[in-house]
Each structure stands twice: as structure tokens, then as C-alpha cells.
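The values are calculated or read from the model by the stated rules, or taken from the named source; none is laboratory data. In this text the structure is predicted, and so the values were computed from the model without any measurement. When we count neighbours, we look across all protein chains shown, and the Cβ atoms used for this are built from the backbone with ideal geometry, even at glycine.
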Amino acid sequence: MKILLLGSGGREHALAWKMAQSSILDELYIAPGNSGTRKHGKNVAIDPNNFSAVKDFVLENNIELVVVGPEEPLVNGIADFFNSDPMLSNVSLIGPDAEGAQLEGSKDFAKAFMKRHNIPTAKYGTFTKDSLEKGIAFLRGMNAPYVLKADGLAAGKGVLILNDLAEAERELTSMLMDSKFGNASAKVVVEQFLDGREVSVFVITDGQSFKLLPEAKDYKRIGEGDTGLNTGGMGAVSPVPFADAAFMDKVHNQIIVPTTKGLKSEGIHYKGFIFFGLINVKGDPYVIEYNCRLGDPETEVVLPRLKSDILDLFEGIATNTLSERDIQFYDKSAATIMLVSGGYPKAYKKGKQIYGLNSVVDSLCFHAGTRSDGPSSVTSGGRVLAVTSYGKNIEFAIKKSYEAIDKISFEGMNYRKDIGSDLIK
Ligand code: AMP
Ligand code: GLY
């Protein structure tokens, strides 16, 4: 199979690494890729949001399957673009159409969808400029902390959790009246705060059946002990001990099945990944958010635990035969630690030479924000490398990743030293 993978982060490096192991892969291209993906295929300088450039490349290179890593092209309708173009009728694409991608692209859409299908989630109200007063009254009827979410995509920054009512009222006003998050906050979801532990659950679906992938826990805050600013994710582990069989049973029955059935019953043709951002409240799962893609850095522990050929699963999605495909996992655990640029998630410098990558032999170094500089790699983003290791349990896997990190360096390198420590007894 000839494949084009869209994206350039750690998630895409992990996808490229996994696809490169497939016996049915002929050629792999990554647009635009990074310094790590070039080891598994050919990087091509195409912007995933430039659909006509993607189309031209696909036709010129006889690409048979396009795998979409990030959410933006999906929310912008890349699947619709492919489905509606007769010249692309023989090309399959892994990712939902724009309607399905609304599960991530609009918090209000996702909340209303969950309400229609009785899927457990926090109580909420949605407000616009015209209903600001109602929004303030709604806030006043709730208890702290107050959760405010910009409806649209806001690069992970659109959620505010505030303890003070007056501040929450001010922020709601600024989101709606001053477009604090641009058009993304033209609508704001105000929701009840849920107290519990978060876990990321992933399925792949061809729109008819689904397969569950390994779950993972992400560490979103920059600082140890889950303090400081939110980031894209500072590390992840899989499996997650508190996502035990009883909990995962509830996730299956109360969340995954109603979601996939709900999509089908509403005529939404969803092919690709569904990412359930869940919170475990006293043993019961609630949906915090949906995403229409894999997580990053979760993918860097989820795919290493997948034993099956991922292209066989993708072929199952493309041909609506996913239910006939076998899916198997490794029993061993995986942990990944993100190495980030000094200053991230605020301003940081780029172009720093990365040393020591070749001396890491027992762990996987997934590149997140890197670019090639001749044969070497330099930093080109906030999150730079995800260092993944296996272990007989998460404790051993984490330890191995920290040992590998001791061999890697770049100017300003920062990382959390407590990934997974909350899960180890
Ligand atoms: P989201 O972009 O919706 O995933 O929200 C970002 C982060 O905010 C989540 O990962 C949670 O840590 C937190 N969060 C969002 N909604 C809630 C909620 N209702 N209760 C508690 N925490 C929340
Ligand atoms: N790690 C969280 C995300 O990918 O959204």
C-alpha cells in the first residue's frame, strides 16, 4: 500500500514507526513530518490544510490511503473534500468528515450529542453574546470551581477553570464580548466541575463496528505534582491501573456503544479514531471531551502496545470490514516522557542542536518538535521529543525512559520528573 500520513508531531512519528513495520506497506510519505519521521518514509513539504496540494501529491504518487494525524484538517473538512472529488474516488482516508469531527470542533455540538444519547457528562449551558446575562445567572447558580470552554478549536487553550465567581463572570464576558479566543469563543460552554482522575480511551471505527485500543493517562500540566500551566501533554503511561475491568465495562456500555450508535443513528459516517477524554468520578466514567484523532503523547504509548498490523486495521476501516480484523496487544507496559524547550508552554527558542539520540538503544525516541539540519536534528517546537520505553509494569517502563533521557540533551531542555508517580504504590 502507498500511504500519505499528514502531520508533524510525536503522534505522527509513532504512527509512521508503526506503519513502517507493516508487511503490506509499499511506500510511506509524511507531510510535512519531522526529523524522526524521515527514518520511516519520505517527508514532503506540504501543509495538511492545503487540500488541493494534498490532492495533487496523492494523484502524482498513486497514493491509496491518507492517514490524518491532527484534528484541524478533519474539522476543516478534508474527508468531505476527498469524498466529493471523483478523481479521488479510489483513495481512502482515515478520519471522520467535518460533521463527525464536530465532536472535537464544537464543544456545544459534543455536549448536545451526549445529551441526546444519554452519555454521562458534566451538566452545562451554552451561551453567546446575546445570552451573556443568562450565562452570568447560570454561573451564579453553580458552585466553584467554574469551568468555561470556548466552543471551537483553540489550540488546547480554550478551557478556563476558575475558583472565583467574579473572575469567572469577567472571563465569560471577555470570551463572548471581546472574542478572547477569536471566533472559537463566539459560543461558550459553562459546565459543572467534575472531581476525579482523567484517562484517555481510544477506539477505531469504520462506522459500523469499533475496536478498543489500550487506554492511557496523560500529564497535562507543565509542573510536577500537576501544577502550573496546561501543555499539550508532558508524558503518558499505559495501561492505567484505575481503569480496571469494572470501570472499562462502564466505559464500554455507557460511553463507547452509545457514542458509536449515536453517530450511526444520526447518519454521521465516522471512519477513524475517536478519543474519549474521560474522568473517573468515584468509579463512574464521565466524558470531559471528545477528539476526532489520536492523543499526543498518548499515541506514543498506545501504538507501542499494539501488536497487530495497523495497516490491516486501516484496511478494515477503508473497506468497512473492521469487524473481521483481529486486534492484539502486548501485555507489557509503556511510558513516555516529553522533553520540552525551556520556557514552554510560554515563549521558547527553536533551532537548538539535539545531542545523544544515537546513544539511546533500549528506548524509542519519538520526535515531536524537531527538524533536520543535515544529518542531525534541531528543536523546532515546544514539545521536542517523547522518550518511550517498555517495562513489565509502568514503574519499570518509566525508570527506563528516565535512564534514556540522561543520554539526551539540548539547550534549555526541560521535563517532568514525576510522570506516573501517582500511579505507583
Ligand atoms: P478539554 O479541552 O475539554 O479537555 O479540557 C481541558 C482540561 O480541563 C481537561 O483535560 C481537564 O483537566 C479539565 N476539565 C475540562 N472540563 C472539566 C470539568 N468539567 N471538570 C473538571 N475538569 C475539567
Ligand atoms: N494529550 C491530549 C491530546 O492529545 O489532546
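Condition (residue is within 16 Å of ligand 2 (Cβ to nearest atom), within 27 Å of the chain's Cα centre (by Cα), modelled with pLDDT under 95 and not charged (D, E, K, R)) applied to the stretch 173-181: is it met by at least one residue? Within the stretch 173-181 (the criterion being within 16 Å of ligand 2 (Cβ to nearest atom), within 27 Å of the chain's Cα centre (by Cα), modelled with pLDDT under 95 and not charged (D, E, K, R)), the answer is no, since none of the residues qualifies. Residues of the stretch 199-213 include at least one that is closer than 30 Å to E315 by Cα, of a type in the set (D, E, K, R) and out of contact with any Pro (no Cβ under 6 Å at 6 or more places or on another chain).
Are there strands (runs of 3 or more DSSP E) fully within the stretch 237-350 with at least 1 residues that are small (G, A, S)? List them.
272-281, 333-340
I'd like to check something: does the stretch 198-205 contain any residue that is within 9 Å of ligand 1 (Cβ to nearest atom), surrounded by 15 or more Cβ atoms within 10 Å (Cβ to Cβ) and of a type in the set (V, I, T)? Checked against the condition, which is being within 9 Å of ligand 1 (Cβ to nearest atom), surrounded by 15 or more Cβ atoms within 10 Å (Cβ to Cβ) and of a type in the set (V, I, T), the stretch 198-205 yields no hits at all.
Kindly list, by first and then second residue, each pair from a residue in the stretch 372-383 that is over 14 Å from Y355 (Cα atoms) to a residue that is among the β-branched types (V, I, T) and crowded, with 17+ Cβ neighbours inside 10 Å, limited to pairs with Cβ atoms under 6 Å and residues at least 6 apart or on different chains. That search, which allows pairs on different chains as well, returns S380/T370; G382/V340; R383/V340. Restricting attention to the stretch 277-300, the residues that are in contact (Cβ under 8 Å) with a residue 60 or more places away in the chain and more than 11 Å from ligand 2 (Cβ to nearest atom) total 9.
All of (1) within 19 Å of the chain's Cα centre (by Cα); (2) within 16 Å of ligand 1 (Cβ to nearest atom); (3) surrounded by 16 or more Cβ atoms within 10 Å (Cβ to Cβ) hold for K157 with one exception: (3). The criterion of at least 1 residues that are closer than 29 Å to D284 by Cβ is met, among helices (runs of 4 or more DSSP H) falling completely within the stretch 75-159, by 98-105, 107-116, 132-140.
So that you can scan it fast, the table gives a plain yes or no per residue for (1) out of contact with any helix residue (DSSP H, G or I) (no Cβ under 6 Å at 6 or more places or on another chain); (2) within 27 Å of I405 (Cβ to Cβ); (3) within 16 Å of ligand 2 (Cβ to nearest atom); (4) β-branched (V, I, T):
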position: N183; (1), (2), (3), (4): yes, no, no, no
position: G196; (1), (2), (3), (4): yes, no, no, no
position: R221; (1), (2), (3), (4): yes, yes, yes, no
position: T231; (1), (2), (3), (4): yes, yes, yes, yes
position: M234; (1), (2), (3), (4): yes, yes, yes, no
position: S265; (1), (2), (3), (4): yes, no, no, no
position: G272; (1), (2), (3), (4): yes, no, yes, no
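Here G228 clears all of (1) part of a loop (DSSP other than H, G, I, E, B); (2) modelled with pLDDT under 95 except the condition numbered (1).
Restricting the stretch 252-263 to residues that are among the aliphatic types (A, V, I, L, M) and either touching a residue at least 60 places away in the same chain (Cβ under 8 Å) or surrounded by 17 or more Cβ atoms within 10 Å (Cβ to Cβ) (or both) leaves a set whose member that is farthest from ligand 2 (Cβ to nearest atom) is L263.
Yes/no matrix, rows are residues, columns are (1) among the β-branched types (V, I, T); (2) over 26 Å from A334 (Cβ atoms):
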position	(1), (2)
K220	no, no
T227	yes, no
T231	yes, no
V237	yes, no
A245	no, no
I256	yes, no
K264	no, yes
K271	no, yes
I274	yes, no
